[in-house]
Amino acid sequence: MSDDTKNDDPLAPDLSEPLRRALGDRYLTYALSTIMHRALPDARDGLKPVHRRILYAMRELKLSATGGFRKSAKISGDVMGNYHPHGDAAIYDAMARLAQDFNVRYPLVDGQGNFGNIDGDNPAAARYTEARMTLAAEALLEGLAENAVDFRENYDGTLTEPVVLPASFPNLLANGSSGIAVGMATNIPPHNIAELCDACLHLIKVPDARDDTLMNFVPGPDFPTGGTIVEPKENIAEAYRTGRGSFRLRCKYEVEDLGRGQWQVVVTEIPYQVQKSKLIEKIADLIQTKKIPILGDIRDESAEDVRIVLEPRSKNVEPEILMNMLYRSSDLEIRFSLNMNVLIDGLTPKVCSMKEVLRAFLDHRRDVLIRRSQHRMEKIDHRLEVLEGLIIAFLNLDRVIDIIRYDDDPKAALMREDWGRTFERAMSEKDYVGPPDGEGELSEVQAEAILNMRLRSLRRLEEMELKRERDALMEERAGLDDLLNSGDLQWNRIAEQIRETKKQFGKGHPAGARRSMFAKAGEVEDVPLEAMIDREPITVVCSEMGWIRAMTGHIDRTRELKFKDGDGPRFIFHAETTDRLLAFGSNGRFYTVSAANLPGGRGMGEPLRLIVDLPNEAEIVDLFIHKPGRNLLVASSAGDGFVVPEDDVVAQTRSGKQVLNVRGDTRARVCKPVTGDSVAVVGENRKVLVFPLEELPEMGRGKGVRLQKYKDGGMSDVTTFTLAEGLSWLDPAGRTRTELELAEWQGKRAGSGRMAPRGFPRDNRFTS
């Protein structure tokens, strides 16, 4: 019924819409709005709408580079009220960034007051700061009043704003850009204007130039904070060719000699967009956690310039080794990604190469040149028309005065008059004879100009001045006409403008010189941590509850030590600060701990499970010093085990390395160094089995093979020994007992075994 009603009334609106289509349309509208009006810059002027509106509003406020400052609150308020209906905080943040010389290679806003710093501090409130445009911003706006670009209505239709700025230099590459849109993003590093101008000049000369050729003029980015680019040339070329890639950027440092073999590293330039305060925090944390043992201290001595002092803990290591470790562990080295996703002609998002971006800029400059030339020609034509009328007026000045003085409609009379005939001066209104009917020589524009002429202009010399001006304008017009009709002349003029831009912002400009240098990333061999740590004796103490510490020196292991209530000693052994310790958990994982990173022995230490990621449900099975080249026998409570090279169990991360696979209620129980040629295993049933070591496989990881068969219970202990020397253990009285005749207990692996010899410990463990 409702469908019939709807069809019968053609004027009734269709308010129904499928949900899928409604959501799709609205999402697409939002996505396009984000891409075109917020996130992606225009390839022609390199600006997003908010930045373009800020500069245009500052121009309307006449905030030139040589003029006075205005409150930032006034500027952001005008931008928000007239052009950009968003929050004033977002507008002010965008304007503040344009004033930060550590973020923008060529700042477009000259800020007065606190506009933030490289430490990451925010700018002061807009009511406390003032701003004006810079010369670079004026270069982007040059020609805006000469019909150089199109204008559109603002958001409420009361004003107009430029669609794009004329942009006398390639701002997109000069200052870079970054943004995140819907389904796409952009990230473009800044470059040097002088180098970009050279590339543009070459592209004008050789339109078909290859991308690789442009690298001769633009070798890479030029970051405002300097730094050293260590990315290979071929990678940079590939990034510029495809529009995607990354640049490896390092800090710049100097090594200061302090005498007597002492030295320190002074960082003078940090990578782009790295906050200095957070960088120092990160490095200080590395010192605190002893992840870089050679680094002793860090100080920030920065004033106007960056000066970060790094003090080594040991003078025996080369500064290059220290810096390479810091490169890997901190933001003293970063990778700056390149994703040259921009709007072509303000409409089409595209990932462009450097050549395509420069070509878009040059084509825009040609359009601006043509439009400005046409605008100038229209002005010249209008002025020439006025001048022709003024010349006629001066040649017939008396008649013009009579018409203005006596005629009821002087404008119409001037336009009807035949200026080629002879006139007699009217001495009174009665003597005045008006012009004949018909069309005269003067146009309405000329007549209006004559009527608006000032009396002080009535001089005989004015006629010569007018003719001289007319001749100059006609000559200029002829030049403009030739320019508009010749593509070669247009490109020559654009080349001249680019040379002027290069001269203005090149070496003579305070920011003209290149700041980021290039270098090769030298291959430095990995130096073991042991080589960077002073070798000192320590005594490692680990309690039953897993609290670990390092006592200075080799103390008597029988000495009474303090532990927490209910806790006691479990592992006490002598070591050195250069040693690495291996901890074997009941979960079958090995954990590696540097002895130099152990807490000191003044307190109770720290839980081992916090130093490494040992789960709460897992227990410490064994703790010992890592000895390269040794083999280990690992076994589970179920009686499965194998031999593993000790070098293969060293973990590189806190989470450890899984070696023995255990499931369910099964736990890792034994980890012992392999010695001799035989294996002795004892179960919870006190049955002992001896078999050759060669029957055990060597594996890197796994469940292992069956060592002994059990009907009930599991394995208690396992050890390796030399069969000819016999099997030894400690009896209940603490005496070492050795059994040489082991034929009774010998068998094949995975057998049941025989009852333990007389005097075997009641805890079923080999403790010799």
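The values are calculated or read from the model by the stated rules, or taken from the named source; none is laboratory data. Computed from a prediction, not measured in an experiment: that's the story for all the values here. Note that we place each Cβ from the backbone using ideal geometry, even for glycine, and neighbour counts take in every protein chain shown.
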Next item on the list: Report whether or not residue 737 is in contact with an Asp or Glu (Cβ under 8 Å, 6 or more places away or on another chain) and under 25 Å from residue 643 (Cα atoms).
Entry: no
Next item on the list: Filter segment 304-322 for residues that are without any contact (Cβ under 8 Å) to a residue 24 or more places away in the chain and closer than 13 Å to residue 269 by Cα and give the result.
Entry: 304
Margin query: Any residue that is under 30 Å from residue 356 (Cα atoms) and of a type in the set (Phe, Trp, Tyr) - is there at least one of those in segment 231-245?
Written below: yes
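Scan 549, 535, 515 and give me the residue that is modelled with pLDDT of 90 or more, under 16 Å from residue 596 (Cβ atoms) and not polar (S, T, N, Q). So that I can check it myself, show each step before the final result.
Working: 535 fails: modelled with pLDDT of 90 or more; 515 fails: under 16 Å from residue 596 (Cβ atoms).
Checking each option against the conditions leaves just 549.
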Margin query: With buried (at least 16 other Cβ atoms within 10 Å of the Cβ), in contact with a strand residue (DSSP E or B) (Cβ under 6 Å, 6 or more places away or on another chain) and modelled with pLDDT under 90 as the only criterion, which of 641, 601, 588, 656 stands out?
Written below: 601
Checklist line | Entirely in segment 133-225, the strands (runs of 3 or more DSSP E) that have 1 or more residues that are surrounded by 22 or more Cβ atoms within 10 Å (Cβ to Cβ) | finding: 177-180, 185-188
Next item on the list: With the condition kept exactly as written, say whether any residue in segment 247-259 is free of Cβ contacts under 8 Å to residues at least 40 places away in the same chain and closer than 28 Å to residue 173 by Cβ.
Entry: no
Item checked: segment 399-432 - residue that is in contact with a Phe, Trp or Tyr (Cβ under 7 Å, 6 or more places away or on another chain) and assigned to a helix (DSSP H, G or I) and, of those, nearest to residue 476 (Cα to Cα) -> 399
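Taking the condition of a type in the set (Asp, Glu) and in a helix (DSSP H, G or I), does residue 331 pass? Break it down stepwise before answering.
Numbers: of a type in the set (Asp, Glu): yes; in a helix (DSSP H, G or I): no.
Here the answer is no, as residue 331 does not meet what is asked.
From the list 662, 670, 690, which residue is closer than 21 Å to residue 742 by Cα and crowded, with 19+ Cβ neighbours inside 10 Å?
Details: 662 fails: closer than 21 Å to residue 742 by Cα; 670 fails: closer than 21 Å to residue 742 by Cα.
Unique residue meeting the criteria: 690.
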Note to self: Quick check on my filter: what residues within segment 307-328 are modelled with pLDDT under 90 and assigned to a loop (DSSP other than H, G, I, E, B)?
What the structure shows: 313, 314, 315, 316, 317, 318
Next item on the list: Considering (1) of a type in the set (A, V, I, L, M); (2) assigned by TED's automatic domain parsing to the domain that holds residue 73; (3) buried (at least 18 other Cβ atoms within 10 Å of the Cβ), say which one residue 125 fails and leave the rest.
Entry: (3)
Notebook entry, point to check: Residue check, residue 106 against (1) without any contact (Cβ under 8 Å) to a residue 24 or more places away in the chain; (2) closer than 23 Å to residue 192 by Cα; (3) of a type in the set (Ser, Thr, Tyr), all met but one. Which one?
Noted result: (1)
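This table checks each residue for (1) touching a strand residue (DSSP E or B) at 6+ places or on another chain (Cβ under 9 Å); (2) surrounded by fewer than 17 Cβ atoms within 10 Å (Cβ to Cβ); (3) over 12 Å from residue 688 (Cβ atoms).
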position	(1), (2), (3)
711	no, yes, yes
715	yes, no, no
722	yes, yes, yes
731	yes, yes, yes
735	no, yes, yes
739	yes, no, no
744	yes, yes, no
752	yes, yes, no
756	yes, no, no
Notebook entry, point to check: If we keep just the residues of segment 613-637 that are more than 14 Å from residue 671 (Cα to Cα) and out of contact with any Pro (no Cβ under 9 Å at 6 or more places or on another chain), which is surrounded by the fewest Cβ atoms within 10 Å (Cβ to Cβ)?
Noted result: 616
Next item on the list: Exactly one condition in (1) more than 60 Å from the chain's Cα centre (by Cα); (2) closer than 20 Å to residue 453 by Cβ; (3) loosely packed, with under 15 Cβ neighbours inside 10 Å is not met by residue 433; state its number.
Entry: (2)
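Residue by residue through segment 734-768, note down the ones that are assigned to a loop (DSSP other than H, G, I, E, B), among the aliphatic types (A, V, I, L, M) and touching a residue at least 40 places away in the same chain (Cβ under 8 Å). Lay out the reasoning, then the answer.
Here is the first cut: in segment 734-768, the residues assigned to a loop (DSSP other than H, G, I, E, B) are 734-735, 740-745, 747-753, 756-768.
So of that shortlist, the ones also among the aliphatic types (A, V, I, L, M) come out as 740, 742-743, 750, 756.
If the condition is that a residue be assigned to a loop (DSSP other than H, G, I, E, B), among the aliphatic types (A, V, I, L, M) and touching a residue at least 40 places away in the same chain (Cβ under 8 Å), then 742, 750, 756 are the ones that fit.
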